[in-house]
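Report on the following structure.
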Amino acid sequence: MSVEAGERAPAFAIETTAGPQRLEERLARGPLVLVFYSEDATPTCSAQLRSFRDEHALLQELDSNVLAVSADELEPHRAFAERLGGLPFPLGSDPELALARAYGVADEEARRAQRAVFVIGTDGRVVQAQPHYQPGAADQFAAVFAALGVEG
């Protein structure tokens, strides 16, 4: 069962391409868009992360920040980010799926995270949960921005 809107977001500490990251530190910068993706270098996951990269300026205007997480290790993350032309947000490594399990989006059979997006408010509560995120679904992408206060 995935974390739902209104619930307290599970705390975390995770290694990322920008060094260790903790939920509390991320929330001190503003609302967090926590993006789970299945694996580095796949076409669908590439599209998922490019969409957040391409709208990063708007996300910053909304005082929010992004952290993307998969089970891949840090070196493949760095190579993946480079292939995408760089990413303005860190990629977190969750090889044991601890974070994916905490948010209820672990695909145990495939040993990876499901594609999912959670918007977490500065109070530590989940504002919006999309445990079955579909890259390319304009309504799901727009819902992230609506959760951050953008009126459609």
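Coordinate-derived values only; no laboratory data. Fair warning: this is a prediction, and the values are worked out from it, not measured in the lab. Note that each Cβ is placed from the backbone with ideal geometry, even for glycine, and that neighbours are counted across all protein chains shown.
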Residue tally, condition over 15 Å from the mean Cα position of the chain (by Cα) and touching a residue at least 40 places away in the same chain (Cβ under 8 Å), over the stretch 126-152: 3
Regarding the stretch 83-96, can at least one residue be identified that is without any contact (Cβ under 8 Å) to a residue 40 or more places away in the chain, more than 20 Å from Met1 (Cβ to Cβ) and either assigned to a helix (DSSP H, G or I) or of a type in the set (Gly, Ala, Ser) (or both)? yes
Please state which one of Asp40, Asp107 is within 14 Å of the chain's Cα centre (by Cα) and among the acidic types (Asp, Glu). Asp40
Any idea how many residues of the stretch 56-82 are out of contact with any helix residue (DSSP H, G or I) (no Cβ under 7 Å at 6 or more places or on another chain), free of Cβ contacts under 8 Å to residues at least 40 places away in the same chain, more than 20 Å from Arg112 (Cα to Cα) and surrounded by 13 or more Cβ atoms within 10 Å (Cβ to Cβ)? 2
Filter pass, Arg29 being part of a loop (DSSP other than H, G, I, E, B) and more than 23 Å from Gly136 (Cβ to Cβ): yes
